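Nothing in this text is a laboratory measurement; each read-out follows from the coordinates by a stated rule. The shown structure was predicted, so the numbers you read here are calculated from the model rather than taken from an experiment.
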Amino acid sequence: MITAEQEQSLLDVSAVLQEAPLLAVEVSQDKPARDYRYKRSEYATREIPEYWIVDPAAAKVTIFTLVEGLYEEEIFVGGDRLLSPTFPQLQLTATQLLTSSPS
């Protein structure tokens, strides 16, 4: 987590990662087609092994796992424990993630 001041200092900064991150997390807000359709191909091209869509409007978390160049998806709702191949020790439910708020 970063502070609001740190976030502001990064707004006009451009950066290119040399390696794909292990995990990308998107919060779906106003363009679900972009999140569920277009990002899937963008992230697969970058070979990001796992990405999540946190969708408060639909009250669900979708975890996409890259398998042989294509994403497989699993949907989590309510008390479902999120199953992350990248972070198997994670102990978090969909409800906990969807209802948490920044401090």
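What the table below lists for this structure:
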| read-out | value |
| --- | --- |
| DSSP beta bridge pairing in the chain, given as percent antiparallel to the nearest 5 | 75 percent |
| Cubic angstrom per residue, convex hull over Cα atoms of the chain | 129 Å³ |
